[in-house]
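Taking it in order: structure first as structure tokens, then the write-up.
The values are calculated or read from the model by the stated rules, or taken from the named source; none is laboratory data. Note that the structure is predicted; figures quoted are calculated from it, not measured. Methodologically, a virtual Cβ is constructed for each residue, glycine included, from the backbone with ideal geometry; neighbour enumeration extends over all protein chains shown. These accessible areas exclude ligands, DNA and RNA; they are computed on the full protein's heavy atoms, side chains included. Shrake-Rupley method; radii C 1.70, N 1.55, O 1.52, S 1.80 Å.
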Amino acid sequence: MKTLIFSSVFSLLFLAACSNGSNKTQSTTTSDTASSQAAISKSREKGSSTAAILSAYIKLKNAFTTDNDKAAAAAAAGNEMVTAFASFDKKSLTPEQDKAYTDIYDDAKEHAEHIGANVGNIAHQREHFDMLSKDIYDLVKLLGTNQPLYVDRCPMYNNNKGAIWLSEVKDIKNPYLGKAMPTCGTVKEELK
Ligand SMILES: [Cu+2]
């Protein structure tokens, strides 16, 4: 009983000390808080700037997991992904980021257009999806992501050369082999 009383008194004291401490911090660092809030909202903007592109990519990837060449074409060219890339606001980028973004964009746009133009030839669409996935990986490394993403790798695609893709879910749903081997692959990296 004694121990119990002691420990609850102790935790009350601890709580009191804790809340005092945080009050003090709040009142003395108003300007710091304001500037860190600005930094947070700036980094959120940064993440959300890739959001439209990533959501188009995920739609595209999910279309490939179910071998749906028409849905893949629609997500890529119809013109969700192309539009998302084109409407991306580059104002917040540094000159180096701008250059890197432009390189990624030029490459990714071509792959998205080929995927859009190749309904009926899912094998060829997937060749472009392989290269597009590398671009999207580079894009996330460059500008971040608004949602956690998994970098998965299929070891068998392209005559066992393998290929990566990005996924919004931890479970493996293979976009290269589709319904033939839906769970082939492993998570290689997590991007946040
Ligand atoms: Cu092509």
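The listed residues are Lys134, Lys173, Lys188, and the only one of them that is more than 22 Å from Ala75 (Cα to Cα) and of a type in the set (Lys, Arg) turns out to be Lys188. Within segment 100-132, the set of residues being away from the ligand (no atom under 13 Å from the Cβ) and among the aliphatic types (A, V, I, L, M) comprises Ala100, Ile104, Ala108.
Out of Ala63, Ala71, Ala52, which single residue is open to solvent by less than 20 Å² (accessible area, probe 1.4 Å), touching a residue at least 12 places away in the same chain (Cβ under 8 Å) and among the small types (Gly, Ala, Ser)?
One residue alone meets the criteria, Ala63.
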